[in-house]
Every structure is written in C-alpha cells, then in structure tokens.
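Student: A single structure is presented below for examination.
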Amino acid sequence: MTKMSIPEAQRPRARITVPTSLARIGRYVLVKLITIGIAVVVAILLTIFVANWGGHLDEIKKAAISEGVAMMVMDNEELRLLPREEREALIAEMIAIQERRMGLDRPFIVRTPGYLIGALTLDLGWAPTMTSPSGSRLVRLIILERLPATLVLFGTAQLLLFFTGLFFALFLSRRYGSGLDKAIIALAPISAAPSWFYGIFLILFFAILLPILPFGGMVAAPPPPTTLGYALSLLSHLVLPVLAILVSAVFVTIYNWRTFFLIHSSEDYVEMAKAKGLSSGAIERKYVLRPTLPPIITSFALTVITMWMGSILLEGVFKWPGLGSLFFEAIGHGETPVIVGTTIIYAYLLAVTLFVLDIVFALVDPRVKVGAESRGTI
Amino acid sequence: MMKKDTLIRIENLRLYFRTGGGIVQAVDEVSFTLSRGPSMVIVGESGCGKTSLARAILRLLPRNVHTYAGQVSLNGVDIMQLGDERFRREVRWIRIALVPQAAMNSLNPVIKIWDQVAEPLLIHRLVRGKGEAAERARSACELVGLPVDFLDRYPFELSGGMRQRAVIAMALVMKPALVILDEPTSALDVLTQANIMNALKRIKREVETSFILITHDIATSSELADEAAIMYAGQIVEVCDAARFYHEPFHPYSRKLMASVPTLREEKELEFIPGQPPSLINPPVGCRFAERCPYRFGKCEKEPPLAEVGAGHWVKCWLHN
Amino acid sequence: MRVLQSLRQLMRYPAAVVGLAIIGALIVVAIYTVITVPYSEVIRLWRGGGELWEESPRTAWPQWINLLPWENRPTTLIVCSTEVGEKTVRPLAEGISEVEILLPFDFTYDGFPREITVFFTAEYDERRPHVSLIWLTPDGREIRVGERTALRAYRMSIDGGLTRRLGGKPAHVGLFADPAAEELSLKGEYTLRVEGLLFEDDADLDARLVVYGQVHGLAGTDHMRRDLMVGLLWGIPVALAFGFLAAVGAQISTFVLAAIGVWHGKWVDGVFRWLTQVNIILPILPLLIMVGMFFSRSIWVILGVVILLNIFSASYFVLHAMFLQIKEAPYIEAARAYGAGSSRIIFRYMIPKVIPVLLPQFVMIIPTFVFIEATVAVLGLGDLHLPTLGKVIYDAHANAAIYNGHYYWMVQPGIILLIMGIGFAMVGYTLDRVFNPRLRQI
C-alpha cells in the first residue's frame, strides 16, 4: 500500500483561512443588510399609510409649511412692518403656494415616496408643541436626544439578561430534576406579564411601601455634581426598571435555554467528548455551549423584540426620559409628528438589533463561514 | 505477532440500569481476556448488551446506572479501582479509545475536524503545541485514508464514510493500547462498509494497537478478527479463536448463529433460531439460552459456568463441561 | 382515545392542574358576569354620570380591608325616610304643614366618613319645601346644620358655611368628632332631624341621608364613584374573549400560510419567509397606537389590527417545519398508496401531528394578546365605552393612585391580569412538556 505524501501546500492550517471565510461572512452580512433594509422600508411605508389614514401626515406638512412661512415673514424687515390683515393675507397666499408646490393637493399615493424618503433620511418634521431637552422643535432632534437614555436602560437590561440567562441555563442543565430546576420551571409562567406590569408592582413595593429606591426618573433632580455621585444616582435609578425587565424575561429565558442545553447534551458527540477524556468544564464549553449558541441567539432575538415593545409603557411607568416615555407623552398631547417619528425610529432600532444579532449568529454558526445555507437568526 | 502477555483481563464485569420497567442487567458477570496483539470480535444480537459492555469498560455510565462492579485489569492495573479523575486522565483515550456506533453523530458540528482529532493530544498534554498536534492529526488521517484537506472542514461537509474514518483517526491519534469499535460499519452503505473494513485491516497491520470489534454482522467481522467472543443476554457464552468460531463453535447458540449466515463457498440451507432473546430485566434462572436451545436437558436449569475447554477456548454450556 | 390519554398525562403536572383550575374559574366568572350584567347594562353603568353612582364614595377602599383586625373603616350608610326612620306630618295653617323626619343610624367605626350628603325627594306644585337640619350626636349634643330649600342634593361636606361653623372642619369630620379627643370619631347612635315646611296641600317630602364610607363594595370605587367590581368583573370576559379571538385569528392565519408555503414550494415559501421577517421588524405596538389615535379605538378595530399584524408571525417557521415533516413523512405516502382518502389522511395522520405543535403555542400566546389589549388601554387608547382591566389601570395611573395611597385601584386589576396570564402560561408550558417529543428524551 503506498503511503500518501502530503505536499507542503496541503498541510492543514491551524487557523481559519481568513480571506475566503471573511468574504463569505461579508456576503452574508450584505444579504442580511439588504433584507433588513427592505423590511424597514416596508415597515415605514406601513407606518406612513396608517398615519395618513386620517390625513395626519399632511397636517404635519401643512403645519411645517405655515411655521416656515410665518418665520420667514417675521424675519423679513419689510414684511414684518405690514399691517396685520395684509400680512396675514400674504402669509395665507404664500402658504397656499407652498402647499401646491409641495404637491399637497395631489393624491396621497403620489406623495408617498416623498414621505418615505423623508422618513428614511430622518427628516421627520416639526413638533407643534413639544420640544427637545435642548429646545429644538425638530422632531428628529427631539427623538434623538432622548435615545441615549433608552439605550442605557435597555442595553444594560439586555446584556444582563443574556449573560444571566446563559449562566443559569448552563448551571441548571447540569442539575436536571433538582429543586432549583423545578423552581425555574414553576417560575417560567411569570413571563406571561410584560415588564411594565411588574414595574408598577416594584414601584409599589420598593419605592412607596418601602422607600428604599427612587420611583422614577433617570437621575436625582438636581443631578449630583460629581461623576461618582451621578453614577451612583444613575445606578440606583436603574435598579427598578432593569429589575422589572429581568423579572418578566429571565425565568422563561433560563427555562428555554436550559432546555436547549439539555437537548444538546444528550447528543452523541457530548458522550464522545467524555470518552475522549475531556474534563467536564471543557465539555460544557466546547461541546454543549458552542453548538447550542445558534438557537440561543435566535431565541434571544425574539426576546429582545418583545422587550423593545414593552419599553414604551415601561419608560412611561418609571418616567425614564427615553424614547418610550416620549411616545407616552406624545400620545397624551396628541402630538402626531412625534408619534409617527418615534414609530419610525423604533422600526430602525428593531432592525439594528436584529442586524447585530445576525452578525453574532454568523460568527457562531460555522455554516455561514462555509457558505452553506444558513437562515441566520430569523 | 503473537505475544502471550495479557493486555486486558475482564472479570465479572457488571452493569445494571434502572429503568421504568425494572432493573436491566445489561452486562452480567462478563469475563474474558485479550492478549496484546490479536484482535477480538464480540458478536451478538441487538440488545444483548454489547454496547453496554463497551461503555462499561470505558466507564461511560448513564444517569440511571444501578450497579457497576467487577474488575478490569489493563496491563496488570485494575482500572476499576481508579478514581474518576485519574480514570479520565490516565485511561480514557490514552490507553483505551472508543469508536462508537453511528460515529457520524459523534463529531461536534461547530468545530473543525482537525481540532477534534487533535483534541485529545492537547488535552492530555502529550504534545508541545498545536503544530505537533496538527502533525499527528495529519498522520492519523493518512492512516485511515482520509484526505488531509478534509481536516480543515466541518463535519457537516463530510460524507458518512469520511466521518467514520475521521472518528477512527480520532481514536488512533493517541496510539492507545486498545481501541473498541462499536458497530463501525452498520450505519453505512455496503460499498463504504467495504472501504472501511479494508482500512481497518490495513491499520491493524500497521499499528500496534489491539482492537475489540463489537458487531452483529458476522460476515464482515470475520475479516478482522483473530479471536471471537459471543455474547447472549448480557453474558459471554463462548470465547475462542476466530478460525474455530467460524467453522466449529461449541456453544449451541454459536452454532446456530453460524448456521444462519450464508457462506461463499458452501451451499447450505440457512437455519434460524426460533423464539426471542430473554428480557434483560429479570433474566431467567439457569442457562439463558435454554429456552431456545435444541439440545437442552435437565441440567440446564442451573446456570453453567464459563469453563475452559481448550487452549484459550471457553464455553458456557453444560454440554461441554 | 388519544385525547384522553394526553389529558391524563397533562394532569400529572400540578402546574397544569392549577392553570386549568384558574382558567376554568375565570371562564365561570366571565359567563356569570355576562349573564347578570348584560352588555348594554355595563355600558350604561360604566359611563356613569348623573345619579348612577351618587351613593358611592369616591376612591374608596374595598370592604374586605375591614377583615384585618386593626382596620375598622366606616362603610357607606344610607338612611332613607321611606324605609327606616320616622316621618311625621303635622298640618299648621291653610296648606302649610310641618314635617319632621328622623334619620337615625349607628356609627361604630374608627375614622371619619368621606362625605355626607342629604338627598331630598320633594313633591310640590310651585313652592319647594323648606328644611331645617339638626344633627344629634350620641353624647346628646345638638348641632345646627343649616336651613335651606329642599333641593335635590345637599352636600354637607362642601358647605363652606357649615365648615366654618364647625371650626374649620368639614361636615364629615366635624359632625363626628369626639369633643374630648378631636382626632377620633365618636361612636354611637347619631340622628339627623329634618324639620321641613310644606307649602302646599299635596306636597310631600322625603329625605335620604348618605354617609359615605371609606370603604365600599368588594373592590372599592374609582374617581368617578363607580364600583370597581363592574369594571373588574366585566374586564375578565373582555380579556378572555380578546385573547382567545386574537390567538385564534393569528394562529389560524399563520397555519394556513404555512400550509400554503409548504404546498407550493420554494418560491412561495421564500416570499412568506421574507414577509415574516418584515413582520417581525414591524413595531407592532406603535402601529397599534397610531391606529388607535388616528382611526378608531373600538376594541374590534384593535382586535382586527392585532390579528392582521400577527398573520406572518414567527410561528410560521415552526409550523412550516412541521408541515414539511408531515408532507414528506413516508407513512403519508404509504397511506395514499393503500388508498386512504384525503380526509382520513388528514384526520388520522396529520391532525394528530399538528396538534402537539399548535396547541401549546396557542395557549401560550393568549396572555400575550391579553396584555397587548391591556397595554393599549393603559396608554389611554382603549375602547371608549367598555370597561376593561387595562382601562381600570389607566384610570388608576392617570389619577396617581399609587402615590395617593389608593393601591387597591391599581393592584386588583393587576392581580387579575397576572393570574389570568399565569394560568394560561402554566397550562401552555406543561402542554409543551407533554407534547414536545425532544423534551421527553431527557
């Protein structure tokens, strides 16, 4: 029997062949980007349709026009000095001209692409009454200035949820049938209620009946001058809302992921790893955790989406100065531009979250690197 | 190369499981010896406890184990006495390796082939660094006939036969003293089966590792085995060398088995064994084959011992005792 | 039958038993409520206003709080001259009569009532009767309350003159205060004496004294004096119906879509998958809110939109995989080969395969929809006429219930929602454990 000689070029390399894998991941990312991008466009289109059902988008445009014209007239030295009726007649005429120019007298379908492009470029109009913290009435600014608060809250909560869930799920998968395991199974139905629901009860218990934590807001008012003081105040205000999110999501997450781990630990290759003499820690990491990560990422993606939807009322309940409570206030004021604009931003947020998770999925599921058919997270 | 020193001696090995229906006595007082050099095949029907025997030797116990006892001497050392941690470090894979049934599922789907083949080397720290590990992985793959460019792939990119070879390479990479192969070819198509068997024959010639081949496929096992052990209802009923087994076994069960297998050069009418093997939960008292045995007589109500009737030939039957 | 066998298996889990008990109890309550308080009635009651709730106190705690040993809060006491109390009429001059009405009651509680109001029912042609009110305390004091025309309602508690006369204390405190210890109420028998003057022959006067308690009813009252039991009880069938109908609508549509996707192959399936991804990205709640704000807040519209937005839900993938398994299963082919008809194949082979996947999902998704409706209501966009649990929470939140100590207002509907959600979730999770084949391997 001839022994096979292996030429130099065919020696197996210990590392992933960087160029081709990267190219494949790149292509996957691009496909996902396009898909999610189109999905966002459709979502925005739908938003536009619903919003303009009562002609509200047109109202926004008209409000913007009259605002612009009025401002322009006031800025103009000569025009400002005109007698009142003349000035108002002039303004009305200019508004009419503008409206015709903007095509507000044309059917809605024709104007939709304009609205769409506006939404995509975040040109979201002006708010009639609300203002941003920095005083601007541009809806875009109003929304974007509130975004960081939301990101702080939800970023923290999602990270905590992911790692706590992962840790405990792995922990429990080793203790099948134990008391703790049964406890988690019993607690899983708690996820039936959304986060804002538990938020109300948490405020009741920990901020009112037992006043140890603040019941609303992001930092104490006035904010502490020192960085440390600010950080501590922020932390103490974060506790209850993050806890509300965790309570409504963590038990079912641990339950589901522990089930994944259990199913995957009964796979043959886990037994094989044991036969090979791997320590239980190594088995858990390489043979249980790693192969299970793809379905875990998918499950997490759906959890995150649910969390985002609960954020509106959660921030409202805790008066957390982010997107959610902005939405809440806008509903109270009937402030259409802000409502529509925030909806669009939420669509973006959701899309970005899914996209990030898709990338993580690509890193974790080797089928993507190899170019085999992989659906990705969703 | 027939050396006479003993590689592994198994005495009264027992492995019972707890199940909803009762206690399954999968491995019941199994004893046999394998010398360094020759390969042994353990033949038996499905459900006779062969796979459990493999697991028992490697101490791969399931959650519902009830009894695990006996003596397993490897090169004179009773490995049953070793603690779990020592067993993991000193026996598993280093001395005894396993190629399990349906080996294609035994590969971690998210880790590359070479990583899994070289893994035991790195874990047991037998090499200095990844380079040397990759080297040895490569040579193990050469040995089994796996083209080396498959090493850089993931399991799902390989065919069933390739994966089987990869698992065999994985077992051999540490050059263990003993490799147990549990039904290495039953999940494959006939052509791949032939290829794998050829590879195994070649490997047997080239390396010093001894093999225990567990199978229900009498035909293919004949190519590889030097010695044979026949298992029935959790017990070893005959141990002899391969030539005798395939032509003139003593135990009635062995005879019936051989009579049911077609041979190439003889014209024979195939026989079958009526009835079914007994349940391993509450097995019958006395000889477990008695119910189906055409030669049974009164003494069979008492369980016969596994007695030596010739050089290296053991039979568990009153007819030969 | 297979159904009974699965049911028995289900019953082995205590969680399932508890969950089913909860759901059963809720359904019973719902049916009872809908029968005893029909739809038109509840709309009328909930709209409130007028004389509907005028005998209830505002934001009163539920009466069960008096079960606590240290709590002895006053309940609402109503004394009516037509039933209890004494009325004597004494004619004076031509046409003029004097009527004396005594309205006694026992006050044995700690604390003070919320309000005191006297309602007069007067019969007359032109001139209203005139009344003079005297308050008799248990310790024998007589407090002159005032003289006035017998209008329909005399709200003593907001009578500024009376308050001044009582030393700055409103009537419901001042008339009950113990002179020895002014922060405590005096217990005993009180009487309101109404001395009325009737100016016509056929005139008549009746009085009804309402001493509003601090507790009222089984669930307390809200800011519009409505008995919360109406809202809470009716909220249950609304929530159950909404959750159930939404779940049915959403699941059936996804089911049909998955079937179509499998039947027509890759291209159609690809489109559906992509549409599902779009659906997942759609921010459902904001869209619902926009519909509620710009279009209609009717609960049927909300239901419709919720179903529409859930047609391409994530369960498409699960259902598709299941259908694919069914379609390619060899036993289906075998059944067709031996001549089994379509309906036999569907009912004996496919449905038993489908139910284990569909049923747990269906049960588990009901609470999600219940809470979507509640969320919309809590945001203030709920149905305008119907009392729902979310509506009650909205009212509570809008009236700062937690910060004002009216915890019951927020907690009671919350607990009902929670119990409902947990009940369904318990059953759903156990169904999943019973039916999911992979879980049984462990």
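The values are calculated or read from the model by the stated rules, or taken from the named source; none is laboratory data. The shown structure was predicted, so the numbers you read here are calculated from the model rather than taken from an experiment. Glycine gets a Cβ as well: all are built from the backbone with ideal geometry, and neighbour counts include every protein chain shown.
Student: Are any of the residues in the range C:409-417 more than 8 Å from chain A (Cβ to nearest Cβ) and either more than 12 Å from the chain's Cα centre (by Cα) or at pLDDT below 90 (or both)?
Tutor: The answer is no; no qualifying residue exists.
Student: Could you check the range B:28-63 and list, in sequence order, the residues that are β-branched (Val, Ile, Thr) and under 11 Å from B:MET231 (Cβ atoms)?
Tutor: B:VAL30, B:VAL41, B:ILE42, B:VAL43, B:THR51, listed by residue number.
Okay, residues lined up against (1) over 30 Å from C:HIS397 (Cβ atoms); (2) modelled with pLDDT of 85 or more:
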| position | (1), (2) |
| --- | --- |
| A:ILE345 | no, yes |
| A:VAL356 | yes, yes |
| A:ILE359 | yes, yes |
| A:VAL368 | yes, no |
| A:THR377 | yes, no |
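Student: Which residues, counting only those in the range B:178-194, are buried (at least 18 other Cβ atoms within 10 Å of the Cβ) and of a type outside the set (Asp, Glu)?
Tutor: Those that are buried (at least 18 other Cβ atoms within 10 Å of the Cβ) and of a type outside the set (Asp, Glu): B:LEU178, B:VAL179, B:ILE180, B:LEU181, B:PRO184, B:THR185, B:LEU188, B:GLN193.
Student: So, in the range B:172-208, how many residues would count as being part of a helix (DSSP H, G or I) and touching a Lys or Arg at 6+ places or on another chain (Cβ under 9 Å)?
Tutor: Final tally of qualifying residues: 3.
Here's the yes/no breakdown for (1) charged (D, E, K, R); (2) under 23 Å from C:ALA241 (Cβ atoms); (3) surrounded by 15 or more Cβ atoms within 10 Å (Cβ to Cβ):
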{"site": "C:ILE27", "(1), (2), (3)": "no, yes, no"}
{"site": "C:GLU55", "(1), (2), (3)": "yes, no, yes"}
{"site": "C:TRP70", "(1), (2), (3)": "no, no, no"}
{"site": "C:THR76", "(1), (2), (3)": "no, no, yes"}
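Student: Follow-up question, since we're still on this one. Would you check which residues across the range C:157-195 are among the hydrophobic types (A, V, I, L, M, F, W, C) and farther than 18 Å from C:ARG141 by Cα and list them?
Tutor: Within the range C:157-195, just C:ILE158 meets the criteria.
Student: Can I ask one more? Please go through the range C:169-208 and pick out each residue that is surrounded by 21 or more Cβ atoms within 10 Å (Cβ to Cβ), assigned to a loop (DSSP other than H, G, I, E, B) and free of Cβ contacts under 8 Å to residues at least 60 places away in the same chain.
Tutor: Hit for the range C:169-208 is C:LEU175, nothing else.
Matching residues to (1) more than 26 Å from A:GLU335 (Cβ to Cβ); (2) among the acidic types (Asp, Glu); (3) crowded, with 17+ Cβ neighbours inside 10 Å; (4) within 14 Å of another protein chain (Cβ to nearest Cβ):
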site	(1), (2), (3), (4)
A:VAL139	no, no, yes, no
A:LEU159	yes, no, no, no
A:LEU166	yes, no, yes, no
A:SER178	yes, no, no, yes
A:ILE184	yes, no, yes, yes
A:PRO194	no, no, yes, yes
A:LEU202	yes, no, yes, yes
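Student: Out of the range B:92-147, which residues are of a type in the set (D, E, K, R), part of a helix (DSSP H, G or I) and either at the interface with chain A (Cβ under 7 Å from one of its Cβ atoms) or in contact with a Gly (Cβ under 9 Å, 6 or more places away or on another chain) (or both)?
Tutor: Within the range B:92-147, B:GLU119, B:LYS130, B:ARG138, B:GLU142 qualify.
Student: Taking C:PHE255 as meeting all but one of (1) more than 30 Å from C:ARG73 (Cβ to Cβ); (2) surrounded by fewer than 17 Cβ atoms within 10 Å (Cβ to Cβ), write down the number of the exception.
Tutor: Only one criterion in (1) more than 30 Å from C:ARG73 (Cβ to Cβ); (2) surrounded by fewer than 17 Cβ atoms within 10 Å (Cβ to Cβ) is unmet by C:PHE255, namely (2).
Student: Inside the range B:285-303, can you point out the residues that are under 22 Å from B:ASN12 (Cβ atoms), within 27 Å of the chain's Cα centre (by Cα) and surrounded by 19 or more Cβ atoms within 10 Å (Cβ to Cβ)?
Tutor: B:CYS287, B:ARG288, B:PHE289, B:ALA290
Student: Can you name every one of the helices (runs of 4 or more DSSP H) wholly within the range A:24-111 that holds 3 or more residues which are at pLDDT 75 or above and not aliphatic (A, V, I, L, M)?
Tutor: Filter on the range A:24-111 gives A:56-75, A:84-101.
Student: Does C:VAL278 count as part of a helix (DSSP H, G or I), more than 7 Å from every other protein chain (Cβ to nearest Cβ), surrounded by fewer than 21 Cβ atoms within 10 Å (Cβ to Cβ) and in contact with a helix residue (DSSP H, G or I) (Cβ under 7 Å, 6 or more places away or on another chain)?
Tutor: No, not satisfied.
Student: Can I ask one more? Is it the case that A:ALA192 is among the small types (Gly, Ala, Ser) and over 20 Å from A:LEU314 (Cα atoms)?
Tutor: no
Student: If you take the residues in the range A:253-266 that are of a type outside the set (A, V, I, L, M) and within 7 Å of another protein chain (Cβ to nearest Cβ), which one is surrounded by the most Cβ atoms within 10 Å (Cβ to Cβ)?
Tutor: Per the stated criteria, the residue is A:THR259.
Student: I've got another one for you. Return yes when A:GLY277 is at positive phi and within 14 Å of chain B (Cβ to nearest Cβ) and no when it is not.
Tutor: In short, yes.
Student: Further question: What is the number of the single condition among (1) of a type outside the set (Lys, Arg); (2) in contact (Cβ under 8 Å) with a residue 40 or more places away in the chain; (3) buried (at least 21 other Cβ atoms within 10 Å of the Cβ) that A:PRO366 does not meet?
Tutor: (2)
Student: Further question on the same structure: Taking the range B:18-31 on its own, how many of its residues are touching a residue at least 12 places away in the same chain (Cβ under 8 Å), surrounded by fewer than 21 Cβ atoms within 10 Å (Cβ to Cβ) and not acidic (Asp, Glu)?
Tutor: Count: 6.
Student: Of the residues in the range A:329-348, how many are part of a helix (DSSP H, G or I), within 10 Å of chain C (Cβ to nearest Cβ) and surrounded by fewer than 20 Cβ atoms within 10 Å (Cβ to Cβ)?
Tutor: Residues in the range A:329-348 being part of a helix (DSSP H, G or I), within 10 Å of chain C (Cβ to nearest Cβ) and surrounded by fewer than 20 Cβ atoms within 10 Å (Cβ to Cβ): 2 in total.
Student: So for the range C:281-304 (the condition being more than 14 Å from chain A (Cβ to nearest Cβ), in contact with a helix residue (DSSP H, G or I) (Cβ under 9 Å, 6 or more places away or on another chain) and aliphatic (A, V, I, L, M)), does at least one residue qualify?
Tutor: yes
Student: Here is a further query. I'd like to check something: does the range A:294-308 contain any residue that is more than 14 Å from chain B (Cβ to nearest Cβ), in a loop (DSSP other than H, G, I, E, B), at negative phi and not basic (Lys, Arg)?
Tutor: No, every residue in the range A:294-308 fails to be more than 14 Å from chain B (Cβ to nearest Cβ), in a loop (DSSP other than H, G, I, E, B), at negative phi and not basic (Lys, Arg).
Student: Report, ordered by the first and then the second residue, all pairs with beta carbons closer than 6 Å, sequence separation of six or more or different chains, a first member in the range B:49-66 that is more than 10 Å from B:VAL30 (Cβ to Cβ), and a second member that is surrounded by fewer than 24 Cβ atoms within 10 Å (Cβ to Cβ) and acidic (Asp, Glu).
Tutor: As it stands, the answer is B:THR51/B:ASP182; B:ALA54/B:ASP182, since those pairs meet every condition given.
Student: Filter the range B:151-160 down to the residues that are assigned to a helix (DSSP H, G or I) and either on the phi > 0 side of the Ramachandran plot or surrounded by fewer than 22 Cβ atoms within 10 Å (Cβ to Cβ) (or both) and list them by number.
Tutor: The answer is B:ASP152, B:PHE156, B:GLU157, B:GLY160.
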